[in-house]
Every structure is written in C-alpha cells, then in structure tokens.
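The values are calculated or read from the model by the stated rules, or taken from the named source; none is laboratory data. Just so we're clear, the structure is a prediction, and the values are computed from it rather than from any experiment. Cβ placement follows ideal geometry from the backbone for every residue including glycine, while neighbour counts extend to all protein chains displayed.
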Amino acid sequence: MTDTEFRKVIRNGVEYRFDPLTGDQCRINPDRARRIKQTGGEAALSQIIARTRKTCPFCPERVEGETPIFPRELCQEGRMKLGETLIFPNLNPFGENNAVGVISQAHFLDLDEFSPRMLEDNLLACKNYILSVHRKDKETVWPVWMWNYMPPSAGSIIHPHAQILLEREPLPLQAKLLQKSQEYFKQNRQNYWERLLEQERRLGERFIYDNNSLSVIASFAPRGFNEIQFIFNERSSLVELDEPQIADFADCLVKALKGYKKLGIGSFNLLSFSGPIGEKLDYYRLNAKLISRPYPSGIYTNDSGPFEKLCDAWVIDTLPEMVAEQLRPFFAMK
C-alpha cells in the first residue's frame, strides 16, 4: 500500500507544508501567535449581542414577519421547521437555492452552549430541504452545508444559523478534491481518505477521535487556524447520512466547539465538502472542515491576508499536532 506523503520543509524558521492530496501550500510559524495585536476583548462582544438582539430578524418574535418564504410547490407551510431549526430562503443569496437554517430560538449561544439535539435537528432539516429542492430540479446535485459563527467569520447576523445551498456545479475546491481523489484511486487502487485515516491513526500526532460514523483529525496542511477535519465512513454525499450518522456528527461538533471555547476562540467557519447526489463515489469520502476566526470585537486582527486571498497560500500560527493535543480531551468527554 502506498503511504500518503506528509511533505514539509523548514526555511527561516517557517514550516512550509503541502496538502497530501492537493499539494496546496500553507506556512506555519507558531511564534506569530504571540505577536502584538492591538484589538478589543469580551466587553465589545457583550455590546454587540445586546445591541443586535433588539432588531434581530431571526428571533422568534420577528422571524415570521421579517423573513421570506418558499413557494408552496416546495414547502406548503412556507418555511421548514424541526425542533428549534427554521429554514427559509436567504434574502440576499450568494448561490443557487441558498437557504438559511436558524439553529436556535436564542439570539446568542456561546460555543459551549449548543446541544447535540439542536445541531442534529438542523442537519436533518437541511438534508430534507436539499432533497426537496433536488426532487424539483434534478440538475441541482451539489449540496453545501455551511455555518459562519459571529461577524469575523463573515456572518452578518449574530443569531446562530447555518447556510444551505444546492447547486448545478461543485465549488472550485470541491471539484479539485474530487479530481485529485479520483487520480489517487486510479494510481494506487485505494481510497485516499481511508488511507489518510489509517496513517493518521498510526502516527497519532494529529488524530483526535473516531466513532461509528466518522473520524476527526487536525489537518496536516491547514487552510485556517486551529483547523480540524471530519471525515465520514463509507459516505460520499451529505444526503447519504442517516439519522445515527447525523447524530454522531452533531455530537462531534459539540465536543469540538467546547474545545474551541476552552482555547479562547469566539468565531468560526464550518463547511462541508460533499460529493453529488445520486452518485456513490468509491474514491471519495464526505468531509467537513472547521476553522477558528478572530475573536469578535470592534477592531480585530484578521487571520486572512493577501497570501490567503490572492496567492492560495495559507499562513498559520498553530501547529496541527498542538491543535490535536488540545482538543482530544473534549472528545473523551461523555
């Protein structure tokens, strides 16, 4: 069996790492985490929460009057509901079939306040929405589930909510992952994602946790700070997940967010990388990435600069091995 290559070189005290599948470069220097940052703190967050609660369109007392509804042929009730989750069209979409999935009735929840049931309901409701759209338009086959938490993540509304899309074409990085996964499968006669997990489990440096449905690792060559990756067993598409697998994923997310809270993180992005609906790909595995973003405040030091936005090279200040070490205890909790 061919080993996945974890390639890195050190120049001027900086680790240049290359993603084992795509070859994408990141640069890691933990000393950067200690550099001076002229920013605010938790007081600014409290002010943001108090100010936005008064006019939030996603709070229960306003949501039905201030959010759009689906056409009756898609949803007879206008909005889709499961538990505390409420799904409706995005008023300002950034893609095809872009919907919002409000996660809780509470205007603000800290990272350690989300429950597995809450996230499980959201994922199930989002899956149902995706399948409803697909039944109406068979050409839309590429699902995306995304969670931007707090303004530094590009979330414009504080109230916890996910974004759902179903498009005709894959996102650019998703297309690249599929292409590289297929190339690896043809060359090595094995699934890259399964081989990656075998090696990470054996090495133990970045492996965090696994259960019946998925495994959690710290990415060798991260694209974001404190990045961890969720890789599913024997599933290539988001809509293939059954209720037990969704419950396992929700449980892992709760553990990860509690770990993030302990690390002092106050904002994050979470994005799924799904294969298409209707094709079970033997060379690909559904996966998702979670990255931290700067702590919410009036003025903050952004973690994305010109290298990330313009050069597709990711400058990181935390070693993945340290991320795994810090988060493992939270996945051991019951």
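Annotation note: of Phe94, Phe114, the sole residue that is in a loop (DSSP other than H, G, I, E, B), modelled with pLDDT under 95 and under 19 Å from Leu270 (Cβ atoms) is Phe94. Residue by residue through the range 285-328, note down the ones that are aromatic (Phe, Trp, Tyr) and either at pLDDT below 80 or in a strand (DSSP E or B) (or both). Matches in the range 285-328: Tyr300, Phe307, Trp314. For the range 49-64, state whether one or more residues are touching a helix residue (DSSP H, G or I) at 6+ places or on another chain (Cβ under 6 Å) and in a strand (DSSP E or B). For the range 49-64, residues touching a helix residue (DSSP H, G or I) at 6+ places or on another chain (Cβ under 6 Å) and in a strand (DSSP E or B): absent.
Checked across the range 203-210, the condition of being of a type in the set (A, V, I, L, M, F, W, C) and in a helix (DSSP H, G or I) holds for at least one residue. Report yes if Ala125 is part of a loop (DSSP other than H, G, I, E, B), out of contact with any helix residue (DSSP H, G or I) (no Cβ under 8 Å at 6 or more places or on another chain) and touching a residue at least 12 places away in the same chain (Cβ under 8 Å), otherwise no. Considered against the rule, which asks whether it is part of a loop (DSSP other than H, G, I, E, B), out of contact with any helix residue (DSSP H, G or I) (no Cβ under 8 Å at 6 or more places or on another chain) and touching a residue at least 12 places away in the same chain (Cβ under 8 Å), Ala125 comes out as no. The residue of the range 141-199 that is surrounded by the fewest Cβ atoms within 10 Å (Cβ to Cβ), among those that are in a loop (DSSP other than H, G, I, E, B) and among the aliphatic types (A, V, I, L, M), is Ala154. Name the single residue, out of those in the range 32-63 being at pLDDT below 90 and either among the β-branched types (Val, Ile, Thr) or in contact with a His (Cβ under 6 Å, 6 or more places away or on another chain) (or both), that is nearest to Val102 (Cα to Cα). Only one residue fits best here, namely Ile48. Residues in the range 56-109 that are more than 28 Å from Tyr260 (Cβ to Cβ) and β-branched (Val, Ile, Thr): Thr67, Ile69.
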